[in-house]
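What follows is a set of notes on a single structure, which appears directly below.
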Amino acid sequence: MTTTLSINTLRTAATAFRAELATLKAANPPEGFSWYGYDILGSVDHLAATLTGMHRDIFEAVRREPIADIGAADGDLAFLLERFGFEVDLIDWPATNWNSLRGAPLLRELLGAKSQICPMDLDSYFELPRERYGLSLFLGILYHLKNPYYVMEKLALHTRYCMISTRIARYTTDGATELAKAPVAYLLGPDECNNDATNFWIFSVPGLRRLFERTGWEILDFKTVGDVRASNPSANEHDERAFAFLRSRRIG
């Protein structure tokens, strides 16, 4: 598939690909593990609502450059982009991946895909598989990292653009402290959010914006979804997510 790729085109393709994957996965239940349990391709809808103006054609602008899909789970989005002719590196870490990174190789085999699967611990002093990417997809991963500052700074040295999403909060869980007006991050307890010890830093909007700016990024588009009035770091009914499109100031 080599058609011109706007975010609208990708969104339409994601809908069809979601149905194809559902049929494929149902017909090929894995042995000893389960497929990733959330809708990876749902992020495309949020990106379509976030990107504005010429940014809606960003995939066409990076057509000749590789893409990094970081925290890619089973690789649904990476394999969809491969169908549009992109060279995609699927980056995740077995110790924190839903199925210990066994789903991605199996799905790649079932689809006849070729994207490179790169096990990588972002909580270490890592090196990316390539020196340069046109775009990094970094969706739903930031708040799972121990050192988000290091990771964002590292990415700014190696990728021109980044699409990122993460959980944010406007109040502490007890509602006693407002976070929304200060550039801060809330450190979760190990069992405070979904009983998942890999949840660490939940930023306020000003805190997230400052993180981007201080690690070498220019914010091109920014949007929040979910509970945009009373979000907190841990309650499912008060979940809010930020989606941002960034351009590195560290590379041309």
Send over the semi-axes of the chain's equivalent ellipsoid, whole angstrom and largest first, taken as the square roots of 5 times the C-alpha gyration tensor eigenvalues. 28, 22, 18
Cα-based helix-to-principal-axis angle, 205-214 vs the chain, degrees rounded to 10: 70
Any idea what the dipole of the chain comes to, in debye rounded to 20, about its Cα centre with Lys/Arg Cβ at +1 and Asp/Glu Cβ at -1? 840
Neighbour cut-off at most 16 other Cβ (10 Å), DSSP loop, trypsin sites (Lys or Arg not before Pro), the stretch 98-150: Lys114, Arg130, Arg132, Lys146
Spin-label zone in the stretch 133-151 - amide nitrogen under 16 Å from a point set 7 Å from the Cα of Thr198 along the C-beta vector: 138-148
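Percent antiparallel among DSSP beta bridges with both residues in the stretch 111-219, to the nearest 5?
On the way: 4 of 11 bridges.
Within the stretch 111-219, antiparallel bridges account for around 35 percent of the total.
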Pick out, in residue order, every one of the trypsin sites (Lys or Arg not before Pro) in the stretch 147-224 that is DSSP loop and has at most 12 other C-beta atoms within 10 Å; say none if there are none. Lys181
Whether the stretch 9-127 is rounded, prolate or oblate, judged on the alpha carbon gyration tensor where a/c under 1.5 counts as rounded: oblate
From most to least accessible, 1.4 Å probe, no ligand or DNA/RNA atoms counted, Met120, Met54 line up as Met54, Met120
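Out of the DSSP beta bridges found with both residues in the chain, what percent are antiparallel (nearest 5)? Provide the component values of the computation, followed by the final result.
Numbers: 21 of 39 bridges.
Percent antiparallel among DSSP bridges in the chain is about 55.
Please give the contour-minus-distance gain from Asp191 to Thr23: 0.36 nm per residue of separation, less the Cα-Cα distance, rounded to one decimal in nm.
On the way: separation 168, 0.36 × 168 = 60.48 nm, distance 3.48 nm.
Extra length available between Asp191 and Thr23 comes to 57.0 nm.
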Between Glu60 and Ala95, what is the label-point separation in nm under the 7 Å Cα-to-beta-carbon projection? 4.4
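Which trypsin sites (Lys or Arg not before Pro) does the stretch 14-68 hold that lie in a coil by DSSP with at most 11 other beta carbons within 10 Å?
Numbers: sites: Arg18, Lys25, Arg56, Arg63, Arg64; in loops: Arg63, Arg64.
Filter output for the stretch 14-68: Arg64.
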For the stretch 152-252: relative contact order, % (alpha-carbon pairs under 8 angstrom, 6 or more apart): 39
Quickly work out the Arg11-to-Val228 label distance, labels modelled 7 Å from Cα along the C-beta direction, and quote it in nm with one decimal. 1.5
Accessible area of the chain with a 1.4 Å probe: how many percent of it is carbon plus sulfur? 50
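Given a 1.4 angstrom probe, what's the average accessible area per residue across the chain, in square angstrom? Please report the intermediate quantities before stating the final value.
Details: 11540 Å² over 252 residues.
Dividing the accessible area of the chain by its residue count gives 46 Å².
The values are calculated or read from the model by the stated rules, or taken from the named source; none is laboratory data. Quick caveat: nothing in here was measured; it's all calculated off a predicted structure. Here Cβ is always computed from backbone atoms with ideal geometry, including for glycine, and neighbour counts include all displayed protein chains. Each accessible area value is taken on the protein alone, full model and side chains, heavy atoms only, with ligands, DNA and RNA left out. Shrake-Rupley method; radii C 1.70, N 1.55, O 1.52, S 1.80 Å.
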